[in-house]
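Asker: Here it is: the structure, laid out below.
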Amino acid sequence: MRRSRGTSGGVGRGQCADAADSCGDEGELVARAASGVTFLGVLKVREFRALWTAEVLSVLGDQLARVALAILVFDRTESAALTGLTYALTFVPTLLGGILLGGWGDRYPRRDVMVIADVIRAVLVGLMIVPGMPLWVLCVLVAVMTLFFGPFKAAQQALLPDVLEGEAYLTGMALRNLTSQSAQLVAFAGGGLLVAAVSPTAGLALDAATFVVSALLIRFGVRERPAAVTEAEEDRATGVRAFLYRTGAGARLVWRDPALRALVALNWLAGFYVVPEALAAPYANAIGAGTGAAVGWLMAADPIGSVIGAWIFGRRWIPEPVQVRGLGVLGILAGIPLILCLLWPGLVTGMLFFALSGLLATGYNIQGTVNFVRRLPNNQRAQGSGLNSAGLITVQGLGALVAGLLADAIGPAHAIAAAGAAGALVAVPIAVAWNRARGSSADTSEA
């Protein structure tokens, strides 16, 4: 990665690569997107279109790879435990990658970080296809591949506010959420059929190809920007102590800002609200719906709600100031439909409860992430974003693990209801903290 001097500017922020480039046309498109605030408007912005297309391909490939790995490992070992371990390795290392490597998106050009992370992941997935690969090596490759998702995601989230500004940024985030959830639905629904029809290795090869295409789209579709941290600003200290200090910079930044703390806590409520998806199979069995198509429908209910939520909140049917004020309330309300699972609803009613929870959770997640990234200083935006997104994935994994243990003890419906109640209760002090921090920020800006 080539380090550049200067701070990261963005199209639409009065800064171009040079005076003779075509940044003016792109800036005009950003301005139109911001004024129109439509999904089509933000897709007209070349850089966002490249990032969006790359992300959709990556989501499709990743979900397909998860299905392929699960089938591949189970076919070779016939062990549910090893299959579950491999699946977990596609999530958990992201936390380390986001915390330890998220700062790369501040210290190096963000486009370059994303491209290199994609290339590394393409190579690692390609190695998984090698015949006769020992299982322990396969697990290591999966873990390292997942590790590099952390810096990629941190750089991506840090770059987006430079590509889209103002209302266009919120619309772009909503579109990303909508299409990401839709891509997951398609991948989960068709991934198993595709892998079964072809082979697990073919599924992994397709995933590797999506990383290559993503790298090309970002390299040639996103213009180069200098690193956010200038050489003058960078700490030249070396060694383990200096590395740990820089690594903890994002956590210190979030901890010291009450608004950032509240927004991170709000986003991490996903650890409670992921439970219906995690317990779809035992819940379907408990209500007598079987474990075939019913499981798929129950797992799809939350993403369907999320797609609807992204459309409602992203289309600005609810004004942004109202969304900002209501973030904490949405966090509380998202748990209420899950509490109703105490009534042991049937398949259709259960799906409606799960979808409603997903819709409400999407409302606070989109606006919460937008406010979080906007509040980060540019030279620490990637590190702070990496902490937020990596933690978000990790708490979902932990939530699913705890929910499974709880379901064995009290039943899946009661476990889902308990998760909803816990999420709503935890959201109350978070909502209070957010309103207090938001009020203090407003008072400061008025002063």
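The values are calculated or read from the model by the stated rules, or taken from the named source; none is laboratory data. In this text, all values refer to a predicted model and were calculated from it rather than measured experimentally. Because the Cβ atoms are built from the backbone with ideal geometry, glycine has one as well, and the counts that use them run over all protein chains shown. Just the protein is used for accessible areas: all its heavy atoms, side chains included, with ligands, DNA and RNA removed. Shrake-Rupley method; radii C 1.70, N 1.55, O 1.52, S 1.80 Å.
Asker: Over region 108-185, what percent of the accessible surface lies on carbon and sulfur atoms, probe 1.4 Å?
Answerer: Its accessible area is 75 percent carbon and sulfur atoms.
Asker: Using a 1.4 Å probe on the protein heavy atoms, what percent of the accessible area of region 299-447 belongs to carbon and sulfur?
Answerer: Carbon and sulfur together cover 72 percent of it.
Asker: Quick one: putting +1 on the C-beta of Lys and Arg, -1 on the C-beta of Asp and Glu, what dipole do you get for region 353-447 around its Cα centre, in Debye to the nearest 20?
Answerer: Dipole about the Cα centre, nearest 20: 260 debye.
Asker: Also: Can you list the HN-Hα couplings for region 116-131, worked out from phi with the Karplus curve (6.51, -1.76, 1.60; θ = phi - 60°), rounded to whole Hz and with x for Gly and Pro?
Answerer: Each residue's phi maps through the Karplus curve to give 5, 4, 5, 4, 4, 5, 4, 5, 5, 5, x, 5, 5, 7, 4, x Hz.
Asker: Can you give the FRET efficiency for Thr77 and Trp255, using 1/(1 + (r/R0)^6), R0 = 35 Å, r = Cβ-Cβ distance, to the nearest 0.05?
Answerer: Using R0 = 35 Å, I get an efficiency of 0.25.
Asker: Rounded to whole Hz and in sequence order, give me ³J(HN,Hα) for region 376-382 from the Karplus expression 6.51 cos²θ - 1.76 cosθ + 1.60, θ = phi - 60°, writing x for Gly and Pro.
Answerer: Each residue of region 376-382 in turn: 7, x, 4, 6, 10, 5, 5 Hz.
Asker: Separate question: For the peptides 131-140, 211-220, 388-397, what is the packing order when you average, over each peptide's residues, the other Cβ atoms within 10 Å and list the highest mean first?
Answerer: 388-397, 211-220, 131-140
Asker: Once the Cβ-Cβ distance between Phe220 and Cys139 is put in as r, and R0 is 35 Å, what FRET efficiency do you end up with, to the nearest 0.05?
Answerer: Once the sixth-power term is evaluated, E becomes 0.55.
Asker: Another question, if that's okay. Kindly report the accessible area of region 346-447 per residue (heavy atoms of protein chains, probe 1.4 Å, no ligands, DNA or RNA), in Å².
Answerer: Value returned for region 346-447: 40 Å² of accessible area per residue.
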